[in-house]
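Please read the structure below before turning to the comments.
The values are calculated or read from the model by the stated rules, or taken from the named source; none is laboratory data. Since we're looking at a predicted model, the values are computed, not measured. Because the Cβ atoms are built from the backbone with ideal geometry, glycine has one as well, and the counts that use them run over all protein chains shown. In case anyone asks, the SASA skips ligands and DNA or RNA and just uses the protein heavy atoms, side chains included. Shrake-Rupley method; radii C 1.70, N 1.55, O 1.52, S 1.80 Å.
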Amino acid sequence: MIEKKKTELYQELGLQARDLRFQHLMSIATRNNRIIMRMEFLKAVITPEFLLILDYRNLNLEHWLFKELASQLAGEGQLVTYSLPFEFRAIEAILQYRISKLQGRLNTLQPQILETLEALVDPKLLSVDRSKLHILLQNGKSLSELETDLKVFKETILDILDEEELIEELCLSKWSDPQVFEESTSGIDHAEEMELLLENYYRQAEDLANEARELRVLIDDSESIIFINLDSHRNVMMRLNLQLTMGTFSLSLFGLIGVAFGMNLESSLEEDPRIFWLVTGIMFLGSGLIWRRLLSFLGRHLEPPLPPHVPAVLKKSQPAAGRVELKNNLKAETFGLSRSTLTNQ
């Protein structure tokens, strides 16, 4: 742990001020036989002899620096069993730290998203809990940020893999210590080892991106299910409202009879005590019949149409020098995909 002025550090490393300028985006570059790595907030300089982590106090890196980094730089847990130059171990340690951070973010988001979706996707719910939707919105935003970071990580690694010269420049020992390079030519190609190292972490990032993509698809599908459930309940309420409206219309239609008898006009019918029950019965009976007719009309027009008939098996036989039989099995549940079997005897 050292403290130095920036100007002294630039002169000691043989770099320019722009080389150590803070950048949020991820980048891996070489300058004057030095590797400059930026992993979001982590900024490091790698030489053939040492690894320099800049401004680590504000990044909560103490646990990684003092507990894990020493064993990684010593070569424990590396991809190969034979010894590689120091810069390989340093690059692998930083990439492993970045992948572990991305994996931790995904492991934190995944159970939260699944729990929230399980609470929301319930066909018995007539409404959606706003608090759950707010949690899902926040988790979806965090998932989008994670997908962006994974995309940047993959693109950075892929840009290096596509340029053979960049891979060669990352092998610092090839240029600083010719003896190490001469030993590597006897059986170990450092450029190939660097490419395998980068490809390994590119595949890990691709796996994490696939898991994040599956979560995104699950969120989209769950949103569709939620909308379908709400539409279904909304359709039930609209149908109930329509039925009540038709019942009110039927009752009002035959209620005109009672209105007519309720006017202050004299007739001979009000003197008969049976007229009240007769008129009341006609009103309720007529209203019930009209309501049933309207419900029957509504049911006929709301019934879904029957699916078209699809033949189960189509057979066609053709005589030839040999016997050729072609069978096409058309199954509706496979959305019309056909399977052909050709038999020669």
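Just checking, how many residues over region 217-243 are in contact with a Leu (Cβ under 8 Å, 6 or more places away or on another chain) and open to solvent by less than 60 Å² (accessible area, probe 1.4 Å)? Matching residues across region 217-243 total 6.
Just a yes or no: is a residue in region 61-73 among the hydroxyl-bearing types (Ser, Thr, Tyr), in a helix (DSSP H, G or I) and either modelled with pLDDT of 80 or more or surrounded by fewer than 10 Cβ atoms within 10 Å (Cβ to Cβ) (or both)? There is at least one residue in region 61-73 that is among the hydroxyl-bearing types (Ser, Thr, Tyr), in a helix (DSSP H, G or I) and either modelled with pLDDT of 80 or more or surrounded by fewer than 10 Cβ atoms within 10 Å (Cβ to Cβ) (or both). The residue that is modelled with the lowest pLDDT, counting only those in region 36-59 that are in a loop (DSSP other than H, G, I, E, B) and either closer than 22 Å to ARG21 by Cβ or of a type in the set (Gly, Ala, Ser) (or both), is TYR56.
For region 111-170, the tally of residues that are at pLDDT below 85, open to solvent by 60 Å² or more (accessible area, probe 1.4 Å) and either among the aromatic types (Phe, Trp, Tyr) or not in a helix (DSSP H, G or I) (or both) stands at 6.
What are the residues in region 225-252 that are among the hydroxyl-bearing types (Ser, Thr, Tyr) and either touching a strand residue (DSSP E or B) at 6+ places or on another chain (Cβ under 8 Å) or modelled with pLDDT of 80 or more (or both), if any? Don't jump to the end; show me each part of the working.
The first filter runs over region 225-252 and keeps only residues among the hydroxyl-bearing types (Ser, Thr, Tyr), leaving 232, 245, 248, 250, 252.
Hits for region 225-252 are THR245, THR248.
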